[in-house]
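Worksheet for the structure shown next.
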Amino acid sequence: MTPFKFSIAENPSAAIGLLQKNNSAAFLAGGTNILDLMKEHVTNPTEIIDLGRLQLNTIKPTTSGISLGALAKNTETANHPIIRKDYPLLSKAILAGASAQIRNMASNGGNLLQRTRCSYFYDIAMPCNKRVPGSGCAAMEGFNRMHAIFGWSEKCVAVYPSDMAVALSALNASVKVMQQNGNERIIPFGDFHVLPKDHPEKDNSLNFGELITTIDLPKNNFAGHAAYVKVRDRNSYAFALVSVAAGLDLQGNTINQAQIAMGGVAHKPWRALNAEAFLKGKQATKVNFTKAAELEMSAAKPLSHNQFKIEMGKQTLINALEMALKG
Amino acid sequence: MKDTKKIIGQGIDRIDGIMKITGKASYATDYPAKNMAYAVLFKSTIAAGKITRINTAEAEKLPGVIKIITHENAPKLNVKGGLRGGALLQGPEITFHGQHIGMVVAETFEQATAAAHLVQVKYQQDQAEKIDFEKLAKNPEMPKGKELADLVRGAGKAALVNAEVKIEQEYETPIEHHHPMEPHATVAVWEGENLILYNGSQIINGAQTAAAATLNLKPEQVRIISPYIGGGFGSKGGQWANLVLTAVAAKMTSRPVKLALTRQQMFNSVGLRQRNIQKISLGATKDGILTTLAHEIISHTAVDSEYIEPCGDCSKVMYEVPNSLISYRVVPMNIILPTYTRGPGKSTGSFALESAMDELAHQLKMDPIALRIKNEPKKDPSNGKPWSSRTTVKCLEEGAKAFGWEKRKSTPGTNFSGDDLIGYGVACGTYPARQRESSAAIKLSRKSRLVYAVVEIAASDLGTGTNTILAQTAADGLGIPVAQITIKLGDSDLPPAAGSVGSVGASSFANAVNDACNKITDELIAKSGKQFFVRPTASDLMNSENIAAFETQSTSKAPVEAEQYSAHSFNANFAEVSINKNTGMVKVTRFLAVTGAGKILNPKTARSQIIGGNIWGIGMALTEESVIDPRYGNFATRSFADYHVPANLDVGQLDAMFINEVDLIPNKMGVKGIGEVGIVGVAAAIANAVFNAIGKRIRSLPITPDKLLPS
Ligand SMILES: Cc1cc2nc3c(=O)[nH]c(=O)nc-3n(C[C@H](O)[C@H](O)[C@H](O)COP(=O)(O)OP(=O)(O)OC[C@H]3O[C@@H](n4cnc5c(N)ncnc54)[C@H](O)[C@@H]3O)c2cc1C
Ligand code: SF4
């Protein structure tokens, strides 16, 4: 770690104010990601602004759904009675991630901003456009088993690692942020994380100095028909090879609306829009699930070590839809 | 009153358990020293070539930095002093990615770490670097070690052409790391020309002689202190550069210095289990009698030093077969030197052999247990010596009963449970039983009719329970309760002993202590000048003869007759797996290891040893793999986020059973050793269970979900 100054923010505007004064400062929430990155010298902030005192840790129902404080912990969120009852998909996704200890520390806002687990990104001896723009992408021709099959660019093939965000994507969440000028801005979840394109150094559409205050979820009709399936190299405490969050809004056996997002396949939670469009109005059958999965995966572009993700993605999509149907 | 109940063989709690869980047990870096400085290593970022320039100017400016040590200012050391893996800062040459190229010594660990990051290094890269295993493995070389020359029996592999049934397959195992809970760490304190090294060492006297020789000192100038060790698994058997570099830093700064490797540095500082490609060719008659066994091995090693784990060892002794070949070929690479890693050779070798045996059983439509029993050798096929005892068949039979083997479906892919497929697998293993020369001292004292004993031996306790079994041995040998016994080990000033390596620890140390107990009792009897009808205990004699203090020391060796026999521990492993048919994720739901290892000194610590080996075997089978990027020679798997050791959810119900075996041939106490054998055969049993569950044979470890996708 490089030595840094430690500051404590008493409220959201103070936090923003501190950051405005130092453009190499960074916010600290649970610290489970940023401290690792600092120890590995991937990021070297000269000042850490602790958000621990901000009153942004509540989870409360709103007229349109529910609002999750950016500093509420992952564990609290997953175990909140309303989340468990009305948004079981979110609860399941959070609990499929990390370990109990990490979830106890991890905040909801920090979870959205966790950075890729590409091992070349973490190894400062390696070229990596995300860490050092213009230095090249070591994963492109390297060991890319964990990497993207959708939406990657020549500049970066990394995947975004959060499980929670995959569920948030399927649930049509939105992210509320406080801007530098103190005004609020609402970012629809689909626009929050971005594809790497020419600027892989940017993971999301947050501007420097913006603070996430809440993550808001609209009501949904598929609490009884939702599933999160995560395939990983060991049974706990591993990032997804592929994961799928699926919710079905059913009328009898007819699908009014399917909302499906995939993890472990792209630089952002990958909304399976083709599969969703195909399933709309169709019968909830294995044949239709399979067709939808095949349709979605047909656009995949694998790299040298992750060809398997196409079949795995297909199987996991089918599996998640069947589990959602079963309820 | 005489307590006639034997403590040996009872599953008493570890005598140091409370100390460990309350943090009172001192590990290497827990030793306080006044005015301590902290060293942090920095490492090369190329695999082969040389350093052309090291710029330490920026780093030196940081507050707290005391000294930066590189090949440009390091003292000259004896590189042939017996340390493993080089990297002693003796020159600009680089032979592997992650080689130590220097260290910063600072007032705090944080300052040293920050400064190490600021050192700038320029290299001239060697274009002929050897880092692409797949390419190099096409043209492997002959090994230098004579013990690895081709071993041919009968007509060798040529006999395969005549076999009625054949299996010819290649099995691959990846690089694995030891990653003990306690990383390698040292505190070095100079007292004039003498050096104390607090350092976790599996072989106390080995660490002492290697450190002394490397530093051009006499062994008696170096003292190793290592009473508690947080695991080693072979990586603390030989010692690595970090041990001596701590002493160098301490000398150059005239301060006590602490140097602890980070978890990340553990990947390329202290050896590893090498990658192997093993080809097994089995020939058999239609009714399952083996006629040929060829085991051809290709392994990588370092460019400047050879270590090859003996993957062919199980194939030498497991089955009766008239024609056999065992051959080794090597691929020297710019990677840190591989080293002893739990069950060296036997764990990886048994994966190949025991998978192939399962393939043969399947092809013959035979039960895999029956096939093994049918080919049971009457004597050691590798040297014709009689077995001191052999428990393979008992392990298989008693295990099958306890595990419910009869519930196994012989047709793969037919045992469903909801979305899961269930499979059973079996595999055998073995490890040699040996006793190595060790000395022990006993010091008795008496306080108001209570006799106390201090047992001294330069043994090591890796966390396996050595302290406890030695206390039990002394309790029985002296007639004193465990609570009145103090075990002192882990210090090179104590009577010299073998190491906790190759499963020789328990037999060597316990026999040494037992012999010393007998000797002290004999000496006390002689001193009394009396004749006894019933042999009294040392404790009785101290009281009856009113002796305040008495001590002795003795040295023990393996009995000479042991040479005429082949002595081994044996096991049979039974695995039940459950595989989710949609995701391909495997769970080991039940695992039973049945072990014949002679006298079990403490069933509780023995069970922990065995299931610990089993858990690493689960890792070997399902999760652990280190990948080298063939362009750079670095590990692409460089943290525990990428290198997956099994988590709790990966481990189902584990059971360990021991065969009741009395075999006094290998040593007087009949102790055979369990540390290594616990992992042997485990990966094969799991891979065989995976085949039984879904009918897919995975010959390349680990068995990750991508390998089990429907195809
Ligand atoms: C070993 C390990 C395994 C893991 N496994 C998984 C897994 O399987 N699945 C999974 O989903 N996750 C996993 N995680 C990641 C974990 O979920 C994240 O580290 C965690 O959610 C980050 O939250 P935090 O509060 O600790 O963030 P911090 O580390 O404190 O912050 C992360 C980033 O967000 C910024 N930030 C934090 N809060 C705000 C805010 N309100 N506004 C603006 N910026 C902010 C910080 O400046 C920093 O850049 C794992 C982590 C570890 C260490
Ligand atoms: S994939 Fe992205 S994060 Fe990984 S090395 Fe390439 S640019 Fe860096």
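Per residue of segment B:666-674, what does 6.51 cos²θ - 1.76 cosθ + 1.60 with θ = phi - 60° give for ³J(HN,Hα)? Whole Hz please, x for Gly and Pro, Karplus curve as stated.
x, 6, 4, 8, x, 9, 10, x, 10
Where q = 0.14, 0.19, 0.20 Å⁻¹, what log10 of I(q)/I(0) comes from the Debye formula for segment B:64-197, counting one point per Cα?
-1.00, -1.49, -1.55
How large is ³J(HN,Hα), in whole Hz, for each residue of segment B:567-583 in order, when computed from phi with the Karplus curve 6.51 cos²θ - 1.76 cosθ + 1.60 and θ = phi - 60°, using x for Gly and Pro?
3J(HN,Hα) across segment B:567-583, in whole Hz: 10, 9, 8, 10, 8, 9, 10, 10, 10, 10, 10, 10, 10, 6, 6, 7, 9.
Segment B:385-460 to segment A:215-229: how many Å between their Cα centroids?
50
Can you compute the equivalent ellipsoid semi-axes for segment B:605-711, i.e. the square root of 5 times each eigenvalue of the Cα gyration tensor, sorted largest first and rounded to whole Å?
Largest first, segment B:605-711 gives 32, 19, 13 Å.
Would you mind checking which residues have amide H under 5 Å from A:R271's amide H? H placed 1.01 Å from N; only 5 or more apart, or other chain.
Sorted by chain and number, the residues that satisfy this are A:M262.
Amide H neighbours of B:G91 under 5 Å, counting only residues 5+ apart in sequence or on other chains, H built in-plane at 1.01 Å?
Those lying under 5 Å, H to H, from B:G91: there are none.
Past the 17 angstrom mark, what percentage of all C-alpha to C-alpha distances in segment A:226-326 do you count?
For segment A:226-326, the fraction of Cα-Cα distances above 17 Å is 46 percent.
So what's the gap between the Cα centers of segment B:483-510 and segment B:517-571, to the nearest angstrom?
17
May I ask you to give the average projected area over all directions of the convex hull of the Cα atoms of segment B:291-429, in nm² rounded to one decimal?
11.1
Pull up all non-local amide H partners of B:Q239: gap of 5 or more, or a different chain, and H-to-H distance under 5 Å with H placed in the peptide plane.
Excluding prolines and chain starts, which carry no amide H, the hits are B:R84.
Where a Cα-Cα gap under 19 Å defines reach, which aspartates and glutamates qualify for B:K122, not counting those fewer than 8 residues away within the same chain?
Reachable aspartates and glutamates: A:D123, B:E58, B:E60, B:E72, B:E93.
Give me P(r) over chain B, computed from all C-alpha to C-alpha distances, binned every 10 Å, as integer percentages.
Result, from short to long distances: 3, 14, 23, 24, 19, 11, 4, 1, 0 percent.
Hey, what did chain B get for relative contact order, percent, Cα under 8 Å, at least 6 apart?
17
Which aspartates and glutamates, if any, have their Cα less than 17 Å from the Cα of B:K379, not counting same-chain residues under 8 positions apart?
B:D313, B:E320, B:E561, B:E563, B:D663
Bin width 5 Å, alpha-carbon pairs only: give the P(r) of segment B:550-632 as whole percents, running from 0 to the bin holding the largest distance.
Computed distribution, short to long bins: 3, 9, 13, 14, 12, 13, 11, 9, 7, 5, 3, 1, 1, 0.
Using a ≥ b ≥ c from the Cα gyration tensor of chain A (square roots of the eigenvalues), is it rounded, prolate or oblate, where a/c under 1.5 gives rounded and otherwise the larger of a/b and b/c decides, a/b for prolate?
oblate
Please list 3J(HN,Hα) in residue order for segment B:200-211, calculated via the Karplus relation 6.51 cos²θ - 1.76 cosθ + 1.60 where θ = phi - 60°; whole Hz, with x for glycine and proline.
Rounded to whole hertz, the list is x, 9, 6, 10, 4, 5, x, 5, 4, 5, 5, 5.
Percent antiparallel among DSSP beta bridges with both residues in the protein assembly as shown, to the nearest 5?
So the antiparallel bridges in the protein assembly as shown amount to around 75 percent.
Ranking A:R232, B:R153, A:R84 by Cβ neighbours within 10 Å, fewest first, what do you get?
Starting with the residue having the fewest Cβ neighbours, the order is A:R84, B:R153, A:R232.
Evaluate 2.2 N^0.38 Å with N set to the residue count of segment B:562-610, then give the Cα radius of gyration divided by it.
1.72
In chain B, once you exclude exposed chymotrypsin sites (Phe, Trp or Tyr not before Pro) (DSSP loop, at most 16 other Cβ within 10 angstrom), what's the longest stretch remaining?
In chain B, the maximal stretch lacking such sites is B:1-531.
Just name one of A:N319, A:N253, A:L241: the one whose Cα is farthest towards the positive end of the charge dipole of segment A:226-326 (beta-carbon charges, Lys/Arg +1, Asp/Glu -1).
The one lying farthest along the dipole's positive direction is A:L241.
Taking a temperature of 4 °C and a viscosity of 1.567 mPa s, what whole-number D in µm²/s does Stokes-Einstein yield for the protein assembly as shown with Rh from Kirkwood over alpha carbon pairs?
After rounding, the answer is 42 µm²/s.
So what's the gap between the Cα centers of segment B:589-657 and segment A:40-104, to the nearest angstrom?
33
Relative contact order (percent) for segment A:126-231, with alpha-carbon contacts under 8 angstrom and 6 or more residues of separation?
26
Measure of size requested: the Rg and Dmax of segment B:449-543, with Cα atoms as the atom set and Å as the unit; please supply both.
Taking only Cα atoms of segment B:449-543, I get Rg and Dmax of 14.0, 43 Å.
Beyond a 21 Å Cα-Cα separation, which of these cross-linked pairs lie in this structure: B:K24/B:K258; B:K394/B:K587; A:K176/A:K301; B:K43/B:K76; B:K50/B:K258?
Check vs 21 Å cut-off fails for B:K394/B:K587; A:K176/A:K301; B:K50/B:K258.
If the elastic network links every pair of Cα atoms under 10 Å, which of A:V265, A:V166, A:V287 fluctuates the most in the Gaussian network model of chain A?
Highest fluctuation among the options: A:V287.
Mind scanning A:K39/A:K92; B:K378/B:K599; A:K282/A:K326; A:K230/B:K707; B:K218/B:K519 and naming the pairs with a C-alpha gap bigger than 20 Å?
A:K39/A:K92; B:K378/B:K599; B:K218/B:K519
Longer than 27 Å from Cα to Cα, which of B:K251/B:K557; B:K20/B:K401; B:K447/B:K527; B:K236/B:K557; B:K604/B:K672 are they? Say none if no pair is.
B:K251/B:K557; B:K20/B:K401
Taking the alpha-carbon distance from B:K135 and a cut-off under 16 Å, which aspartates and glutamates remain once sequence neighbours fewer than 8 residues away in the same chain are dropped?
By straight Cα distance, B:K135 reaches B:E172, B:D629.
In whole Å and largest first, what semi-axes does the C-alpha gyration tensor of segment A:95-224 yield when each eigenvalue is scaled by 5 and square-rooted?
For segment A:95-224, the semi-axes come out at 27, 18, 15 Å.
Only the coordinates and a few stated rules stand behind these numbers; no lab work does. Everything numeric in this text was worked out from a predicted model, so none of it was measured. Because the Cβ atoms are built from the backbone with ideal geometry, glycine has one as well, and the counts that use them run over all protein chains shown.
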